[in-house]
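Written below as structure tokens is the structure these notes are about.
The values are calculated or read from the model by the stated rules, or taken from the named source; none is laboratory data. No experiment lies behind these values; they were computed from the predicted model shown. Reconstructed Cβ throughout: ideal geometry from the backbone, glycine too, with neighbour counts over all protein chains shown. Just so you know, the surface numbers come from the protein's heavy atoms only, side chains and all, with ligands and any DNA or RNA stripped out. Shrake-Rupley method; radii C 1.70, N 1.55, O 1.52, S 1.80 Å.
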Amino acid sequence: MLPNYTVNIMAWLRSPIKGVMLDISGVLKNGNVAIPGSIEAVQRLRKCGLKLRFVTNETQLSRHDLTEKLRRIGFQLHENEVFPPAPAMVETLKGLRLNPMLLVHPKVLIDFKDVDQSNPNCVVVGDAAEHFTYERMNSAFRLLMELKNPKLFTLGRGRYYLEEDGLCLDVGCFTTALEFATGLKAEVVGKPSSSFFATPLKDMGLDSSEVVMIGDDIESDVGGAQKCGMRGVLVRTGKFRPERDENHPNVKPDAVVNDLAQGVELILSSESFKSLIKHE
Amino acid sequence: MASCFRSLKAVLIDLSGTLHVENDVIPGSIEALNRLRKSGLALRFVTNTTKESRSFLLSRLSSLGFDIKAEEVFTSLLAARSLVESLKVRPYLFLEDEALEDFQGIETDNPNAVVVGLAPSMFEYNHMNRAFRLLQDGAHLIAIHKSKYYRTKEGLSLGPGPFVEGLEFASGQKARIVGKPAPDFFSTALSDVGVKPEEAVMVGDDVLLDVGGALDAGLQGILVKTGKYREGDEGKLKQVLNTSFVVSDFAAAVDFILKELGTQK
């Protein structure tokens, strides 16, 4: 059977691939279950000497617990290869000397342990999931209405993601609600923000033109990566929906693949494409 | 000046902030309403309540001394109910218990629509996620209204609007708004008395919902400076409102209407 991926060949071949960024949820795994072939695909990338980083908007777990969870599922990776929004948010808060009111999941609080949360002068919204209550939303709303210079941060702006029992609302729903109520515009710390991608890029020591991002979110992963000069690959796993994502009005992926395994196959065969084109 | 109410046949009246504020009558409103009734104009009361059923509203109005009949009251809750009935859908209801009465008899098993009113106890993740999944499966999204927040004794509190907006963002679906300022809401109340929009005037304290909504629907609008009115509110309108249509209170609005009616005789 022929692999039915699509690739924008000229954009794809414009420079050699030296590094790969992988989204986690919907690319490596759904919920607690590895997507078939993805564990081996990560191993293949490592063997070929490509630099690898895991860039995620996951905020239901601390960086440490997220790494451990992936290891338990069967992935081989190190905590310092994982880039979630919470540590980036902590750096931003420290830089701006802001004390946050945290509307986040209790399991991610440990990443904020060194941040002063007394007399809050901004609100940080993460994927608090079942910890989004009216009372907590209202407390955040009232603080933002009382502050002279209110600031609202959001750890990503995803619409939804796929769990084992179906699609789940992501943080974007609740951030949008607070924006509508307060008239503020939230600053995104996480994908698709270019400054968020800049940290793992710098860590790899590569130029964005040398890196491919693979994700299941057409806007946050593919659109965000392309905006900062990377190639963006969309996988047909996780929350992917053909009717909505394959003909997105604003984002055209550099390639669309069935899953991570096929994406890795495409990356590793890119050199042979090149020779094909040269022969013509 | 030619009468601005040459063919006036009906008056639509807001309740909270126009006739009363919670359990206080706005002075002069009861007598003014009685005078307006004697004029023979058709009267309908239109309100954006999402927390209180019609029978709850009626018992409060009657205990305050207002002479208002059930069939004269149009609430956004009842408008949502008739939309649900006309679409023949089974709604998942974001409503508090005191409002559920208006949805008695509506089939809600195996829902294929989401109706959002003011329901603080349901604005939490699990209910929101249930609604989102229904929307993913093609359910209609119906907002009873979309106000951002309201004032309580403890301070400002989030209204239904932010949660509707969040569901719209996640689902990519625009909500259908049934209460003021939706033109359908005004026209439903008017068709009940067989009056055309250009033959009616709306009186209320909310410049955008009452007056702006009425003007958009082809009615005239009178703004009263009671309830939530704040100095300069009339400047928020995108339409032009003659200053004579901004009056101190409901009694002054009735004086204005009756005087204009008199000039056409």
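With the requirement that a residue be part of a helix (DSSP H, G or I), open to solvent by less than 30 Å² (accessible area, probe 1.4 Å) and within 23 Å of B:A10 (Cβ to Cβ), what does region B:226-263 give you?
B:F245, B:F250, B:A251, B:A252, B:A253, B:V254, B:F256, B:I257, B:E260, B:L261
Please tell me if B:R133 is within 14 Å of another protein chain (Cβ to nearest Cβ) and under 25 Å from B:A251 (Cβ atoms).
Values: within 14 Å of another protein chain (Cβ to nearest Cβ): yes; under 25 Å from B:A251 (Cβ atoms): no.
Criteria not met by B:R133.
Within region B:43-50, is even one residue open to solvent by 50 Å² or more (accessible area, probe 1.4 Å), at pLDDT below 90 and under 28 Å from B:P120 (Cα atoms)?
No, the conditions are met nowhere in region B:43-50.
Looking only at region B:29-42, which residues are farther than 10 Å from B:V254 by Cα and open to solvent by less than 10 Å² (accessible area, probe 1.4 Å)?
Within region B:29-42, no residue meets the criteria.
List the residue pairs whose Cβ atoms are under 6 Å apart, where the first residue sits in region B:61-79 and is within 13 Å of B:F186 (Cα to Cα), the second is open to solvent by 40 Å² or more (accessible area, probe 1.4 Å), and the two are 6 or more positions apart or on different chains.
Between residues of region B:61-79 that are within 13 Å of B:F186 (Cα to Cα) and residues that are open to solvent by 40 Å² or more (accessible area, probe 1.4 Å), the close pairs are B:V73/B:R54; B:T75/B:R54.
Quick one: A:C168 ticks every box in (1) assigned to a helix (DSSP H, G or I); (2) at the interface with chain B (Cβ under 9 Å from one of its Cβ atoms) bar one, so which box is it?
Condition not satisfied by A:C168: (1).
Can you tell me which of B:G218, B:G138 is within 14 Å of another protein chain (Cβ to nearest Cβ), on the phi > 0 side of the Ramachandran plot and surrounded by fewer than 22 Cβ atoms within 10 Å (Cβ to Cβ)?
None of the other options fit; the residue is B:G138.
For (1) part of a helix (DSSP H, G or I); (2) open to solvent by 30 Å² or more (accessible area, probe 1.4 Å); (3) aliphatic (A, V, I, L, M); (4) within 14 Å of chain B (Cβ to nearest Cβ), each residue gets a yes or a no:
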site: A:A181; (1), (2), (3), (4): yes, no, yes, yes
site: A:G190; (1), (2), (3), (4): no, no, no, no
site: A:M213; (1), (2), (3), (4): no, no, yes, no
site: A:E219; (1), (2), (3), (4): yes, yes, no, yes
site: A:V222; (1), (2), (3), (4): yes, no, yes, no
site: A:G232; (1), (2), (3), (4): no, no, no, no
site: A:K239; (1), (2), (3), (4): no, no, no, yes
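Against the conditions (1) under 23 Å from A:D217 (Cα atoms); (2) open to solvent by 30 Å² or more (accessible area, probe 1.4 Å), where does A:D23 fall short? Just the number, please.
(2)
Evaluate the following for B:N126: is it over 30 Å from B:I13 (Cα atoms), modelled with pLDDT of 95 or more and either of a type in the set (V, I, T) or outside any loop (DSSP other than H, G, I, E, B) (or both)?
yes
Of all residues in region A:241-255, which are over 17 Å from the mean Cα position of the chain (by Cα) and either open to solvent by less than 40 Å² (accessible area, probe 1.4 Å) or not assigned by TED's automatic domain parsing to the domain that holds A:K18 (or both)?
Those that are over 17 Å from the mean Cα position of the chain (by Cα) and either open to solvent by less than 40 Å² (accessible area, probe 1.4 Å) or not assigned by TED's automatic domain parsing to the domain that holds A:K18 (or both): A:H248, A:D254, A:A255.
Show me the helices (runs of 4 or more DSSP H) found entirely inside region B:1-119 where at least 3 residues are outside the structural domain of B:S191 (by TED's automatic domain parsing). Can you show your working first?
Details: elements: B:29-38, B:54-64, B:76-87, B:97-100.
Result: B:54-64, B:76-87, B:97-100.
Any idea which residue in region B:96-128 is most open to solvent (accessible area, probe 1.4 Å), counting only those that are within 14 Å of chain A (Cβ to nearest Cβ) and farther than 20 Å from A:T175 by Cα?
Filtering region B:96-128 for residues within 14 Å of chain A (Cβ to nearest Cβ) gives B:96, B:114, B:116-128.
Still in the running and farther than 20 Å from A:T175 by Cα: B:96, B:114.
On the way: B:E96: 35, B:V114: 0 Å².
Ranking the qualifying residues of region B:96-128, first place goes to B:E96.
So which residues in region A:192-211 are open to solvent by less than 40 Å² (accessible area, probe 1.4 Å), among the hydroxyl-bearing types (S, T, Y) and touching a residue at least 24 places away in the same chain (Cβ under 8 Å)?
Correct list: A:S193, A:S209.
What about A:G156, is it buried (at least 21 other Cβ atoms within 10 Å of the Cβ), within 14 Å of chain B (Cβ to nearest Cβ) and at positive phi?
yes
Going by the conditions given, is B:G204 over 30 Å from A:E164 (Cβ atoms) and either open to solvent by less than 20 Å² (accessible area, probe 1.4 Å) or away from chain A (no Cβ under 14 Å) (or both)?
Yes; evaluated as a whole, the condition is true for this residue.
Please pick out the residue among A:L93, A:L45, A:L102, A:L52 that is more than 22 Å from A:G229 (Cα to Cα) and either open to solvent by less than 10 Å² (accessible area, probe 1.4 Å) or part of a helix (DSSP H, G or I) (or both).
Going through A:L93, A:L45, A:L102, A:L52 in turn, the sole match is A:L93.
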